[in-house]
Amino acid sequence: GSVGDDASAGLTRAQRDLIARNPEFRLTPGQAGGSKSLQQMEAKLESQPMTSGVFNEIKDSNQRLINRRVAESIGVRNSNIVDSNVLNQAHERADRVYGMVRRTGNRTIDPDRFINQLDRIEGDYQGLLFANGRPYSVMDSPLVSRLFNYAQSGEATAEQLVDLSSKLGKAARSQMTSGNGDRQLGMALGDVKDIADDLIERGLNGRTQRIFAQARGNYRNLMTLEGRTGIVNTSNGNVSGANLANALAQKDKAGFMLGRNQSPMYDAARLAQAFKPLVGDSGTATRSALPSPTDFVLSLPFNVATRAYTSSPVVNLAARGGDISRNGLLGGLNPNRVRYLPQLGMAAGIGAGGLLSLPQ
């Protein structure tokens, strides 16, 4: 009838760092303290209509935060969704920036350096690229051959490089998103696009260089989102943090898994991975029959108690104490802890103190 000591309570260092860097991300007391026992209790509360409201609010707030972080990472600000309109805005913004640098003079190309970069890409994807069932080389692409010819001549105009970069980006996206495409080839073409972009950026300076560098990063993030189905639901505008985490772990192991990239989009994916939903999407819990009519009678105090339980003071206390079930908060309020709970009010008596010790 009550939640006892939980040896599993506690957060990892990575989870604590994530919370510190992202204070807007909302947690339940069980998540804040890392207690599996409390999370089981919270899952029960979330699965019942009379107490699910506050948990739905928390999930909705976190989903909007993830969407907003991802939208900003592709160059669209003040958007809580990532739908088809937002993706189009991101592409249009990138096109404008690339168009801005079309007439910025010639670029000198070091043939030896270019060959080394191309060899590295060939090595990274050796044995992974196929076309019509046969091994495929990055150099087999007419677009890559074009860049190779520029390198042999030792120079190219900014306009030539911008045009080539744009076509490489479109080819890479087509390979990664079409049903008959080769995702590995798309990634390889994306790496060659980076070479062209490096050459473009090398001839820029000041504000123009900063704007272009940001646009490059935004476009790279955009390619990640569009490179795999299931990351973005363009109908409702929600980003799947779990699928985004999987994509980043595969595409950028050093940045994501080793923590070398702590940009907002990467952290959004880490938050979704580190603090998974209490109740899954199967619907089993919410379809379960209510234990008895008594639940309906108790719906009002339970709802009040649940909101008090998920309030900031309780979450903060859980985060400081590891497992709030150990210090008496949920086993009959400990007088020494009451000073942390100004919001509980009446709910302290009917709810938080007896919520988990109600006679069955």
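For segment 92-144, filtered to residues that are on the phi > 0 side of the Ramachandran plot and in contact with a strand residue (DSSP E or B) (Cβ under 9 Å, 6 or more places away or on another chain), the residue that is most open to solvent (accessible area, probe 1.4 Å) is G127.
Scanning segment 218-239 for residues that are part of a helix (DSSP H, G or I) and without any contact (Cβ under 8 Å) to a residue 60 or more places away in the chain gives R220, M223, T224.
Scanning segment 89-128 for residues that are part of a loop (DSSP other than H, G, I, E, B), in contact (Cβ under 8 Å) with a residue 12 or more places away in the chain and of a type in the set (S, T, N, Q) yields one hit, T104. The single condition among (1) of a type in the set (A, V, I, L, M); (2) more than 26 Å from S61 (Cα to Cα); (3) open to solvent by 60 Å² or more (accessible area, probe 1.4 Å) that M257 does not satisfy is (2). When the criteria are applied in full, A245 fails the requirement of being more than 30 Å from A14 (Cβ to Cβ) and crowded, with 16+ Cβ neighbours inside 10 Å. Here is the figure for segment 52-102: residues that are in contact with a helix residue (DSSP H, G or I) (Cβ under 8 Å, 6 or more places away or on another chain), over 24 Å from F25 (Cα atoms) and hydroxyl-bearing (S, T, Y) total 1. The residue that is nearest to N218 (Cα to Cα), counting only those in segment 72-82 that are open to solvent by less than 20 Å² (accessible area, probe 1.4 Å) and of a type outside the set (G, A, S), is I74. Total residues in segment 129-162 satisfying the condition of being free of Cβ contacts under 8 Å to residues at least 40 places away in the same chain and under 13 Å from D197 (Cα atoms): the figure is 1. Those helices (runs of 4 or more DSSP H) of segment 1-71 in which 3 or more residues are at pLDDT below 95 and open to solvent by 30 Å² or more (accessible area, probe 1.4 Å) occupy 13-21, 36-46. Of the set (1) in contact with a Gly (Cβ under 9 Å, 6 or more places away or on another chain); (2) under 25 Å from S240 (Cβ atoms), all apply to R69 but (1).
Residues in segment 260-274 that are outside any loop (DSSP other than H, G, I, E, B) and among the small types (G, A, S) were compared, and the one that is surrounded by the fewest Cβ atoms within 10 Å (Cβ to Cβ) is A274.
The values are calculated or read from the model by the stated rules, or taken from the named source; none is laboratory data. These figures come from a predicted structure and were not determined experimentally. In this analysis, Cβ positions are derived from the backbone assuming ideal geometry, glycine residues included, and neighbour counts consider all displayed protein chains. Heavy atoms of the whole protein, side chains included, go into the accessibility calculation; ligands, DNA and RNA do not. Shrake-Rupley method; radii C 1.70, N 1.55, O 1.52, S 1.80 Å.
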